[in-house]
1. Which members of the range 123-146 meet the condition of being farther than 15 Å from Ala58 by Cα and not polar (S, T, N, Q)?
2. Looking at the range 49-78, I want the residues that are modelled with pLDDT under 95 and have a partner that is basic (Lys, Arg) and not in a helix (DSSP H, G or I) with Cβ atoms under 7 Å, at least 6 apart or on another chain. Which pairs are those?
3. Exactly one condition in (1) surrounded by 14 or more Cβ atoms within 10 Å (Cβ to Cβ); (2) in a strand (DSSP E or B) is not met by Glu74; state its number.
4. Would the range 44-67 turn up any residue that is charged (D, E, K, R) and surrounded by 18 or more Cβ atoms within 10 Å (Cβ to Cβ)?
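The values are calculated or read from the model by the stated rules, or taken from the named source; none is laboratory data. Bear in mind the structure is a predicted one, so any value in this text is a computation, not a measurement. FYI the Cβ positions are ideal-geometry reconstructions off the backbone, even for glycines, and counts take in every protein chain you see.
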Amino acid sequence: MSSVRTQKFSFSNRSIALEKEDLISVERAADVEYRLARQAVIDYWKNGKIERESLCDAQPMLKRNAIHCGVPIEEGCPICEPGKVYYVTYVFGPRLPAHGRCISTKGELQRLNDRKTQLSVYVIEVCPDCGWNHLVRSAFLGGNKF
């Protein structure tokens, strides 16, 4: 990982600050990074093979979650350049809402990781300004208790 991806970023509007490490804290063999796919999509767009409308299609709820629950990163939006990009984390699994649970406070992933059932985690990069969104990482939590 580059140094940009391992630095801590605080979200100061909360009494319990979110940090990037809280959102991507578990590393297992089944974790998948989507950086190469992301770069391929950006390259296709820059070469005119994909239209902007197909890249910048984030749903309104995803944009709101980016602003209110996401973790800002230092990198600017690869599409609209000045836009601020956020990482938004969703967890899916048993006893969670069908639409998943958006992680919004520090320590939520750790509490979910302590569960006996296995949960799926998805980290999405979102620009609320233009609607750019791309899956950054998928991972599993929990299920490690016998």
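1. Arg137, Ala139, Phe140, Leu141, Gly142, Gly143, Lys145, Phe146 - these are the residues of the range 123-146 that are farther than 15 Å from Ala58 by Cα and not polar (S, T, N, Q).
2. Pro72/Lys84
3. Among (1) surrounded by 14 or more Cβ atoms within 10 Å (Cβ to Cβ); (2) in a strand (DSSP E or B), Glu74 violates only (1).
4. Yes, that holds for at least one residue.
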